[in-house]
Structures are given as C-alpha cells and as structure tokens.
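Input: a single structure, listed below in structure tokens.
Just so it is clear, none of the values below were taken in a lab; they were calculated from the coordinates. These figures come from a predicted structure and were not determined experimentally. Cβ atoms come from the backbone with ideal geometry, glycine included; neighbour counts cover every protein chain shown.
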Amino acid sequence: MKANRKVREGDERAASAVIGVILMVAITVAIAATVYVYVSGMLGGGAEEAPNMAFNKEITPTKRLLLVSADSGLTWGQFTVVGSSTTHLTTDPVIAGDELVLDMGAGYNTQITVTHIATNTLMGTWTWA
C-alpha cells in the first residue's frame with residue numbers, strides 16, 4: 001500500500017494543471033483579440049477613402065471635361081485641378097454637370113489632371129492632341 005501513495009517532500013502547494021491550462025488559454029485569447037483590434041484599425045481612425053467621380057472628355061472647340069457623377073458632400077477645394085482655366089473651384093460644391101475647361105493660355109496646356117488632396121489619389125488625367 002505504501003507504493004501507491006505519493007510522498008510529499010516539504011510544502012508542495014500548486015495550482016491544478018487544469019487551472020494552469022485555462023489561464024494559458026485565456027491569456028492567448030486576450031493577446032489574439034488585442035492583435036485583431038490593432039490590425040483591423042479599430043484603435044485609430046480609419047483611412048479616408050477617395051471619392052467616386054466620373055468625367056466625360058469632350059472634344060469640342062473649348063476642349064472640356066464634363067463631370068457626369070460624383071459622391072455627395074464634396075467641394076472643389078478638396079481637389080487639385082491642374083491645366084484647367086476654370087477658376088471658381090475653391091469652395092464650390094461638386095455637382096454633376098460641372099465642367100473643367102482646358103487652359104489654352106501661355107504655354108498651351110494639353111491635359112487636365114484632377115487629384116484628391118486628402119488621400120493623394122489621382123482621379124484622372126485627360127489629354128487632348
């Protein structure tokens with residue numbers, strides 16, 4: 001009978017193996033949740049998306065771009081427009097039907113480039129021959 005009993009040497013108090021495993025699983029889940037929140041961008045503000053805009057290049061004597069559609073709530077001040085002689089772009093709302101006319105001044109531009117400033121996204125470049 002003595003062989004079946006465990007012999008204690010000193011004071012050996014310890015947590016159960018089951019409790020140890022539960023603690024390790026809990027710590028692993030907590031670390032995984034923290035990494036998920038960090039990677040998915042929930043800690044900070046999300047990245048701003050570039051707006052959707054569609055232009056129609058018109059080859060008329062005035063050589064212009066006609067805005068066909070755009071997301072609501074946009075103003076022309078949110079964009080950099082290069083090569084256009086249209087000067088009323090600063091705080092005007094972006095509305096379908098707006099036109100950008102090619103600047104035919106000194107140096108004779110042959111293209112218009114529209115860039116969204118906040119996201120540094122090229123909305124498009126249109127060239128006339």
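Would you please classify the overall shape of the stretch 53-127 from the alpha carbon gyration tensor, given that a ≥ b ≥ c denote the square roots of the eigenvalues, rounded means a/c under 1.5, and beyond that prolate means a/b larger than b/c while oblate covers the rest? In terms of gyration-tensor shape, prolate.
Between amide H atoms placed 1.01 Å from N, distances below 5 Å from Asp98 occur with Leu67, all of them 5 or more places distant or on a separate chain. Using the Cβ of Ser85 as centre and a radius below 12 Å, the other residues enclosed give a net charge of 0, where K and R count +1 and D and E count -1. Here the residues Thr110, Thr86, Thr28, ranked from fewest to most Cβ neighbours within 10 Å of their Cβ, fall in the order Thr28, Thr110, Thr86.
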